Structure formats: structure tokens, C-alpha cells
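The values are calculated or read from the model by the stated rules, or taken from the named source; none is laboratory data. This one's a predicted model, so the numbers in the text were calculated from it and none came from an experiment. Heads up, the Cβs are rebuilt from the backbone with ideal geometry, glycines too, and the neighbour counts pull from every protein chain shown.
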Amino acid sequence: MNSIEDNLNHDAMTTAIISHTDCRRHKMAIGHPEDASRIDAISERLLASGLEYSLDYFDAQAVGLPHLLRVHDKEYLSSLDKLQPSEGLVNVDPDTQMSPQTLTAASRAAGAGIQAVDLVFNDNYHAVFCNVRPPGHHAKRREAGGFCFYNNIAVAAAYALDKFKLERVAIIDFDVHHGNGTEDIFNDNQQVMFFSLFQHPFFPYSSATTANPLHIKSPLRQGAGSEEFRRVVREHWLPELLAYQPQMLFISAGFDAHREDDLGGLTFEDDDYAWVTNQLVTLSKQLNCHGIVSMLEGGYVSGALGRSCVAHIKELAEI
Ligand SMILES: [Zn+2]
């Protein structure tokens, strides 16, 4: 007969996917790598994998202003409203444009995070993946950039802390680029431990070090791959997570550190995304966390993005 602990360990995760067709409506310059085909690459690969029959699907809700105001300034949000064009594109930075439906898409992306937290707390989902765009982790409290407008993962984490009275959460960011927006938003917050690995030196040219003990930076040299990634997670992230005891895990799931992704210069493999997710799911159970909310950040080559993301979702769902 199994112990209660064994039974808990063998329970499959109840996992949901949140997305919305509005996320396809944000457009940037022709040929821009952050486009609607990214959402399709993931959903088509999920369909082909046969996994989708084990998952529940939800349409993302639009985000309410109070949820954005936990992590962004009112003036910043008004300036985005004013900047959004009624036709054509406007530049936010040399690599980031707004189109007439940018904020419609961004609202669904940030709203997905709120809904994901609600699914965990109100409907007993163990893990939720948000297949949404635009991404969020470069959006600072008062500044858009790096393809990002609303910081989706920060909106979700701040909501969980506020609404469900959590004391400690962790955000784990394995995108090839440093999550400088998330760092900026939670720099003075003692309730969020933020882990980010990133190619260094590289966009957004963040410092490799920080004085904040809750912000764990793991810079990697160009060309670093599976071995370096797994060492960072095993030797630095997992011990810090165990010591901090977060009550919920949030993942900024960028897949642009993949060796096939030419937007970055790291050499991760599909299996690394499965491995890190497995480590986090195991840790989440060990710490008796409420659940895991994962949100799409980068990943710009459809084959590698679809495969890596489905490997991530498969481990989240323990299928
Ligand atoms: Zn990235």
C-alpha cells in the first residue's frame, strides 16, 4: 500500500492551456520575428503530439486596469494608450512597434496570467501554460521595449500575492535574454524571488551582478549549452528555491536559448526544457506549492519553439 506521500507524488498534474485569437492581432514590422506564427507553432505542435486531449483549454480574459496598476504606473499605461496608432505602426524602440490592436493582444496576454492564477486557486489546476503574445519580461514599471508592453508574469505574480495573500513566490526566467522588466518591477519587493539566466553580454545589456539577494542572476557566455544550464539550475537555483520556500512558482518560459534559435547565441536542446520543467514540478510538490503558472516569452524559430514548448507542457502535465 502506498503512503499518502507516494499517492501525492503519483497524482498526474491537472493542467490547462490559456490562449486567445486576439493575441494574433498585434503586428510589428514585416519580417519581425515576434509574430503571430509563434502562437500557431505551439498550438499545432500540441495538436500533433496528441497531448491536447489530456489538457483543458481556456480563452484568455482581457485584463482589468487594477491588475496592471499593481506593476505599472498609471502615467505609463496612459502613454501606451495614446501611442497606439489607429492605422499603421509606431516605434516604441528600434525593435518594437505598436499596431492598432497591440493593446488588445497585450490585454489578453496579461489577462491570461490572472486567469491562470484563478484556475490554480479556485479550480485546483496544478499547472497552467499561457500561449500568449506579446511577451512581457522586458516591460518595466514605466517603460516598454524588447517586444514587450505589459509585464505578463509580473501581473500574474503580483495578483497571486495580493488576492490570495501569499507571502513568497518565485519567478523563474530561462529566456536567453535577461528579464530586466521583471527585475525593475520587483526590485524593492521582498515577496518575490527572481531567477534569470541569460546570455551575457547581450540584449538588454543588464549587469551580470546585483546587490539584491532575492534576484539571482545567472549570466552565461555565448555558446553555453545543456551542461551550463543544468549546472546553474542544480547548483544555484534549486538550493535557493529550497531555502526561500516559495508558495507558488511562475515561469517566464522563453525558448530562444535553443541552439536552433538565431536570435540568441546559446545552445540549449529540446530536452533541456523538459529537464528544467521536471525539476521545477518536483520542487513544487516538495514545497507543497499551490501550483505553477508558466507564460510564453521568447522563442522565434517555429520548429524549435513548438518542440521545446510542448516538451515543457508535457512535463508540467506529467504526461
Ligand atoms: Zn528572449
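Brief remarks on what is shown
- Against the conditions (1) in a helix (DSSP H, G or I); (2) at pLDDT 95 or above, E52 satisfies every one except (2).
Condition check ((1) in a loop (DSSP other than H, G, I, E, B); (2) among the β-branched types (V, I, T); (3) over 25 Å from E183 (Cα atoms)) across all residues:
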site: E240; (1), (2), (3): no, no, no
site: E260; (1), (2), (3): yes, no, yes
site: L280; (1), (2), (3): no, no, no
site: A304; (1), (2), (3): no, no, yes
site: R307; (1), (2), (3): no, no, yes
site: K314; (1), (2), (3): no, no, yes
site: I319; (1), (2), (3): yes, yes, yes
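- Scope segment 131-146; condition closer than 19 Å to R70 by Cβ, within 16 Å of the ligand (Cβ to nearest atom) and not in a loop (DSSP other than H, G, I, E, B); matching residues: K140
- Breaking point among (1) in contact (Cβ under 8 Å) with a residue 60 or more places away in the chain; (2) away from the ligand (no atom under 14 Å from the Cβ); (3) surrounded by fewer than 19 Cβ atoms within 10 Å (Cβ to Cβ), for P213: (1)
- Counted residues, segment 195-224 - those being among the hydrophobic types (A, V, I, L, M, F, W, C) and over 17 Å from A257 (Cβ atoms): 2
- Of all residues assigned to segment 150-161, none qualifies as being in a strand (DSSP E or B) and either more than 13 Å from the ligand (Cβ to nearest atom) or of a type in the set (A, V, I, L, M) (or both).
- The one condition in (1) of a type in the set (S, T, Y); (2) part of a loop (DSSP other than H, G, I, E, B); (3) within 16 Å of the ligand (Cβ to nearest atom) that Y125 fails to fulfil: (3)
- Filter pass, A29 being modelled with pLDDT of 95 or more and in a loop (DSSP other than H, G, I, E, B): yes
- Within segment 266-278, being of a type outside the set (D, E) and either assigned to a helix (DSSP H, G or I) or touching a Phe, Trp or Tyr at 6+ places or on another chain (Cβ under 7 Å) (or both) holds for F268, Y273, A274, W275, V276, T277, N278.
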